[in-house]
There are 2 protein chains.
Amino acid sequence: MAEFMDVHHGMKGITNEQLRESHRADLAIEAEEQVHFKQAWADPESGEVYCLSEAPSAEAVRRIHERAGHPADEIHPVPLTA
Amino acid sequence: MAEFMDVHHGMKGITNEQLRESHRADLAIEAEEQVHFKQAWADPESGEVYCLSEAPSAEAVRRIHERAGHPADEIHPVPLTA
(Lines give C-alpha, C1' and ligand atoms only; values in the text may rest on other atoms or scores of the structure.)
Protein backbone atom coordinates (compact mmCIF):
# COMPACT_ATOMS: atom_id res chain seq x y z
CA MET A 1 0.00 0.00 0.00
CA ALA A 2 1.14 3.54 -0.75
CA GLU A 3 -0.09 7.00 0.12
CA PHE A 4 -1.59 9.33 -2.48
CA MET A 5 -2.57 13.00 -2.49
CA ASP A 6 -5.18 13.87 -5.04
CA VAL A 7 -6.40 17.30 -6.03
CA HIS A 8 -9.73 18.55 -7.35
CA HIS A 9 -9.82 22.00 -8.95
CA GLY A 10 -12.83 24.21 -9.58
CA MET A 11 -14.81 23.41 -6.42
CA LYS A 12 -15.39 27.08 -5.60
CA GLY A 13 -18.16 27.57 -3.07
CA ILE A 14 -18.06 23.98 -1.80
CA THR A 15 -19.79 23.68 1.58
CA ASN A 16 -18.83 21.58 4.56
CA GLU A 17 -21.87 19.38 3.97
CA GLN A 18 -20.92 18.83 0.31
CA LEU A 19 -17.35 17.90 1.28
CA ARG A 20 -18.60 15.46 3.92
CA GLU A 21 -21.14 13.94 1.54
CA SER A 22 -18.47 13.45 -1.13
CA HIS A 23 -16.15 11.87 1.43
CA ARG A 24 -18.95 9.56 2.59
CA ALA A 25 -19.57 8.52 -1.03
CA ASP A 26 -15.88 7.54 -1.33
CA LEU A 27 -15.90 5.65 1.97
CA ALA A 28 -19.00 3.71 0.94
CA ILE A 29 -17.23 2.01 -1.99
CA GLU A 30 -13.48 2.39 -1.31
CA ALA A 31 -13.05 -1.15 0.08
CA GLU A 32 -13.91 -2.60 -3.33
CA GLU A 33 -10.53 -1.31 -4.55
CA GLN A 34 -8.62 -1.65 -1.25
CA VAL A 35 -8.48 2.15 -1.04
CA HIS A 36 -8.89 4.16 2.15
CA PHE A 37 -9.49 7.90 2.02
CA LYS A 38 -7.93 9.18 5.25
CA GLN A 39 -8.72 12.87 5.11
CA ALA A 40 -9.94 15.65 2.84
CA TRP A 41 -9.38 19.41 3.00
CA ALA A 42 -11.14 22.11 0.99
CA ASP A 43 -10.67 25.79 0.23
CA PRO A 44 -14.07 27.07 -0.93
CA GLU A 45 -12.55 30.36 -2.06
CA SER A 46 -10.02 29.00 -4.58
CA GLY A 47 -11.97 25.79 -5.17
CA GLU A 48 -9.05 23.46 -4.37
CA VAL A 49 -9.79 20.16 -2.63
CA TYR A 50 -7.05 17.79 -1.38
CA CYS A 51 -7.62 14.15 -0.46
CA LEU A 52 -5.08 11.92 1.28
CA SER A 53 -5.51 8.19 0.75
CA GLU A 54 -3.87 4.82 1.12
CA ALA A 55 -4.26 2.64 -1.92
CA PRO A 56 -2.64 -0.07 -4.02
CA SER A 57 -2.32 2.32 -6.99
CA ALA A 58 -3.25 5.75 -8.36
CA GLU A 59 -5.60 3.94 -10.74
CA ALA A 60 -7.55 2.52 -7.80
CA VAL A 61 -7.89 6.03 -6.31
CA ARG A 62 -8.99 7.36 -9.70
CA ARG A 63 -11.66 4.68 -10.11
CA ILE A 64 -13.21 5.21 -6.65
CA HIS A 65 -13.37 9.01 -7.07
CA GLU A 66 -14.89 8.61 -10.54
CA ARG A 67 -17.52 6.10 -9.44
CA ALA A 68 -18.36 8.34 -6.43
CA GLY A 69 -19.09 11.15 -8.89
CA HIS A 70 -16.13 13.47 -8.36
CA PRO A 71 -13.15 12.57 -10.59
CA ALA A 72 -9.78 13.92 -9.41
CA ASP A 73 -7.80 16.35 -11.58
CA GLU A 74 -4.43 15.19 -10.20
CA ILE A 75 -3.38 12.06 -8.31
CA HIS A 76 0.15 11.95 -6.91
CA PRO A 77 1.86 9.16 -5.04
CA VAL A 78 3.51 10.72 -1.97
CA PRO A 79 6.13 8.20 -0.90
CA LEU A 80 8.00 10.82 1.15
CA THR A 81 6.60 12.30 4.35
CA ALA A 82 7.93 14.45 7.16
CA MET B 1 -5.87 29.61 14.26
CA ALA B 2 -6.71 28.13 10.89
CA GLU B 3 -5.41 25.26 8.79
CA PHE B 4 -3.54 25.81 5.55
CA MET B 5 -2.37 23.55 2.75
CA ASP B 6 0.57 24.90 0.81
CA VAL B 7 2.07 23.53 -2.37
CA HIS B 8 5.59 23.64 -3.79
CA HIS B 9 6.02 22.81 -7.48
CA GLY B 10 9.18 21.83 -9.29
CA MET B 11 10.77 19.69 -6.55
CA LYS B 12 11.46 16.77 -8.90
CA GLY B 13 13.97 14.32 -7.48
CA ILE B 14 13.54 15.50 -3.88
CA THR B 15 14.88 12.92 -1.43
CA ASN B 16 13.48 11.88 1.91
CA GLU B 17 16.45 13.52 3.64
CA GLN B 18 15.87 16.80 1.77
CA LEU B 19 12.19 16.80 2.71
CA ARG B 20 13.00 16.12 6.35
CA GLU B 21 15.69 18.79 6.41
CA SER B 22 13.30 21.36 4.91
CA HIS B 23 10.64 20.40 7.45
CA ARG B 24 13.18 20.74 10.28
CA ALA B 25 14.12 24.22 9.00
CA ASP B 26 10.45 25.24 9.20
CA LEU B 27 10.02 23.77 12.67
CA ALA B 28 13.10 25.59 13.93
CA ILE B 29 11.56 29.04 13.35
CA GLU B 30 7.79 28.47 13.04
CA ALA B 31 7.02 29.54 16.63
CA GLU B 32 8.17 33.07 15.84
CA GLU B 33 5.01 33.44 13.72
CA GLN B 34 2.74 31.13 15.77
CA VAL B 35 2.79 28.67 12.86
CA HIS B 36 2.95 24.90 13.21
CA PHE B 37 3.77 22.70 10.25
CA LYS B 38 1.95 19.46 11.01
CA GLN B 39 2.94 17.29 8.08
CA ALA B 40 4.54 17.33 4.64
CA TRP B 41 4.17 14.94 1.70
CA ALA B 42 6.28 14.79 -1.45
CA ASP B 43 6.08 13.19 -4.88
CA PRO B 44 9.65 13.17 -6.23
CA GLU B 45 8.42 12.13 -9.67
CA SER B 46 6.11 15.10 -10.38
CA GLY B 47 7.95 17.40 -7.98
CA GLU B 48 4.84 18.34 -5.98
CA VAL B 49 5.22 18.93 -2.24
CA TYR B 50 2.23 19.52 0.10
CA CYS B 51 2.51 20.98 3.60
CA LEU B 52 -0.32 21.08 6.14
CA SER B 53 -0.04 23.75 8.82
CA GLU B 54 -1.89 25.58 11.54
CA ALA B 55 -1.29 29.30 11.49
CA PRO B 56 -2.82 32.69 12.20
CA SER B 57 -2.69 33.62 8.48
CA ALA B 58 -1.44 32.57 5.05
CA GLU B 59 1.07 35.43 5.31
CA ALA B 60 2.61 33.85 8.40
CA VAL B 61 2.97 30.54 6.56
CA ARG B 62 4.49 32.35 3.59
CA ARG B 63 7.07 34.15 5.75
CA ILE B 64 8.24 31.01 7.56
CA HIS B 65 8.65 29.03 4.32
CA GLU B 66 10.51 31.95 2.72
CA ARG B 67 12.86 32.43 5.66
CA ALA B 68 13.49 28.69 5.78
CA GLY B 69 14.64 28.87 2.15
CA HIS B 70 11.77 27.20 0.30
CA PRO B 71 9.00 29.66 -0.64
CA ALA B 72 5.61 28.09 -1.36
CA ASP B 73 4.00 28.44 -4.80
CA GLU B 74 0.45 28.24 -3.40
CA ILE B 75 -0.96 28.69 0.09
CA HIS B 76 -4.63 27.83 0.63
CA PRO B 77 -6.69 28.15 3.78
CA VAL B 78 -8.56 24.84 4.20
CA PRO B 79 -11.41 25.67 6.57
CA LEU B 80 -13.35 22.55 5.53
CA THR B 81 -12.20 19.04 6.43
CA ALA B 82 -13.75 15.58 6.25
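Annotations for the structure displayed:
- Among all positions in the stretch A:71-80, there is at least one residue which is in contact with a Ser or Thr (Cβ under 7 Å, 6 or more places away or on another chain) and within 7 Å of chain B (Cβ to nearest Cβ).
- Of residues in the stretch B:39-70 being in contact with a Leu (Cβ under 9 Å, 6 or more places away or on another chain) and either without any contact (Cβ under 8 Å) to a residue 12 or more places away in the chain or at the interface with another protein chain (Cβ under 7 Å from one of its Cβ atoms) (or both), the one most open to solvent (accessible area, probe 1.4 Å): B:Gln39
The values are calculated or read from the model by the stated rules, or taken from the named source; none is laboratory data. Remember, it's a predicted structure, so these values are computed and weren't measured experimentally. Cβ: placed from backbone, ideal geometry, glycine included. Neighbour counts: every protein chain shown. For accessibility, only protein heavy atoms count, side chains too; no ligands or nucleic acids. Shrake-Rupley method; radii C 1.70, N 1.55, O 1.52, S 1.80 Å.
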